[in-house]
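What follows is a single structure, written as structure tokens, with notes after it.
The values are calculated or read from the model by the stated rules, or taken from the named source; none is laboratory data. Because the structure is predicted, anything quoted here is derived from the model rather than measured. Quick reminder, even Gly has a Cβ in these numbers, built from the backbone with ideal geometry, and neighbours come from all protein chains shown.
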């Protein structure tokens, strides 16, 4: 009995030790059900460090924070416990049921996956209206407004949408980013660049506020009826005052993350009137001038001139077609070259568009370019207008005479085409004599190709044996394989970072993975030993310049900080170029 008792105790201890040695990787959510105005925290926890962490795509949510990384190590009863966590903060995009899909990570050469988590997003939940609550203070002191210039425009009439962020004097904004850009369905849209954001003073609902213009957009409605302008949504870090004060009596501030939206706007687009609408109307709306200009009025046959059909003014210049020239058939005309010289501001499109024709007369005579007209809808007078060009006569002074044209050599736009004259030389390129040469009979048997095809497989056997032996040696080199795998991953993630330029989150995640795997390959260190001080010490011992080491560490810091600050594509390109250059320099210097 005592022997069985001892065996049972040993089995219990052994099973407990085995269980404690198991690798765990799991996903934990802060709540399974939340309102659309609440936020969700997702933690991915593991009890052993790993490589190449890949989060899910978080479909239906917007990432407003993270990934934040936390590592904790503790000792209890002589045993070491380790926990590493990647945390994300999510904001739901809409109501419904969603699934947080699997995340993956590689630990000791094995791929581990989390269990999917089901989340239900309901309508907005009421929060206590506590005047001392920082979120309540933030909601009452910051507003995003979309100002529309005209809510009842005509079809193809320009309107503007200006997005303003109003902030009360006692509140500050330390950071903001767009999380949901509006898609202007059924509109032609053009954003107006704002180079420098200026803080201005104004009023909101009768109270004094500061405001900044975040975005200006010009819209041309392409459909009639009721159209919706989607809202612009921002994730804002707001600094609000608290009841606490510092040692000098100044009020302390606290930071609150909040999602704000400008709200959708409805536009009622009127159709253009049918009364008085010209048959040749192509959709031009605005205030325009129309001209037909030629570079010459007199020339010789086979010389060229340029005829330009031009519309200039203010309106939907890029959204209609220019009238076509109607020319005599005896004039050779090339396809027109279309030119646009248009700028867009808060008044809409301004500038000119033109079609330029190259014309070459073949015969002596006078050729009329008939008058053409251009019609448009004038929004100010709410009526259609027509502009006609005058007739232009081209005088060809010297050249052959068109015998098929009479009436004092005056050509018209309806002249028939010239007949084709057939000559005896039209088939001169066809050869009528042959030059044949004999071909010697060649036998494949016992030829060079025959012996090569026979002996080459026999000679390839020793080469295959050597290649197989080298492959076995390479497979047996466990350390070398790890190094090569890490180097391959570094190159792959560096390529992924290049492809992700413009997408801040994906770019810096891929760039950080590339740097981690590069050091793992070159310095042969595990990710659990990956600290900045150790990196610096190892690179110094490998005789890398201090300046290069400092640049490498600064790139790693940029990857961590860039996720929480606004970054332009130019800055991302600079970080990528700097990382590629630093890796190349370390490759050359490391020993």
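Of all residues being in contact (Cβ under 8 Å) with a residue 24 or more places away in the chain and outside any strand (DSSP E or B) in the range 59-93, which is surrounded by the fewest Cβ atoms within 10 Å (Cβ to Cβ)? Just the residue, please.
Per the criteria, the residue is 59.
Among what's in the range 346-358 and is in contact (Cβ under 8 Å) with a residue 40 or more places away in the chain and surrounded by 16 or more Cβ atoms within 10 Å (Cβ to Cβ), pick the residue that is farthest from residue 315 (Cα to Cα).
357
So residue 274 ticks every box in (1) modelled with pLDDT of 90 or more; (2) within 30 Å of the chain's Cα centre (by Cα) but one. Which box is left unticked?
It fails just one condition, (2).
Among the candidates 361, 400, which residue alone is surrounded by 16 or more Cβ atoms within 10 Å (Cβ to Cβ) and touching a strand residue (DSSP E or B) at 6+ places or on another chain (Cβ under 7 Å)? Give the steps one after another, and end with the answer.
On the way: 400 fails: surrounded by 16 or more Cβ atoms within 10 Å (Cβ to Cβ).
On inspection, the qualifying residue turns out to be 361.
The rows are residues; the columns are (1) surrounded by 19 or more Cβ atoms within 10 Å (Cβ to Cβ); (2) modelled with pLDDT under 80; (3) in contact with a helix residue (DSSP H, G or I) (Cβ under 9 Å, 6 or more places away or on another chain).
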position	(1), (2), (3)
493	yes, yes, yes
497	yes, yes, yes
501	no, yes, yes
519	yes, yes, yes
546	no, no, yes
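With a cut-off of at least 3 residues that are surrounded by 19 or more Cβ atoms within 10 Å (Cβ to Cβ) and modelled with pLDDT of 90 or more, name the strands (runs of 3 or more DSSP E) lying wholly within the range 161-236.
207-221
Check the range 281-288 and report whether any residue there is closer than 30 Å to residue 180 by Cβ, surrounded by 14 or more Cβ atoms within 10 Å (Cβ to Cβ) and in contact with a strand residue (DSSP E or B) (Cβ under 9 Å, 6 or more places away or on another chain). Steps first, please.
Taking the range 281-288 as the starting set, the residues that turn out to be closer than 30 Å to residue 180 by Cβ are none.
No, there is no match, as no residue in the range 281-288 is closer than 30 Å to residue 180 by Cβ, surrounded by 14 or more Cβ atoms within 10 Å (Cβ to Cβ) and in contact with a strand residue (DSSP E or B) (Cβ under 9 Å, 6 or more places away or on another chain).
Would you tally the residues in the range 107-138 being at pLDDT below 65 and either in contact with a strand residue (DSSP E or B) (Cβ under 7 Å, 6 or more places away or on another chain) or assigned to a strand (DSSP E or B) (or both)?
Summing the residues that are at pLDDT below 65 and either in contact with a strand residue (DSSP E or B) (Cβ under 7 Å, 6 or more places away or on another chain) or assigned to a strand (DSSP E or B) (or both) in the range 107-138 gives 1.
How many of the residues in the range 43-58 are touching a residue at least 60 places away in the same chain (Cβ under 8 Å), in a strand (DSSP E or B) and over 27 Å from the mean Cα position of the chain (by Cα)?
3
Within the range 563-577, does at least one residue satisfy the condition of being modelled with pLDDT of 75 or more, out of contact with any helix residue (DSSP H, G or I) (no Cβ under 7 Å at 6 or more places or on another chain), in a helix (DSSP H, G or I) and closer than 24 Å to residue 46 by Cα?
For the range 563-577, residues modelled with pLDDT of 75 or more, out of contact with any helix residue (DSSP H, G or I) (no Cβ under 7 Å at 6 or more places or on another chain), in a helix (DSSP H, G or I) and closer than 24 Å to residue 46 by Cα: absent.
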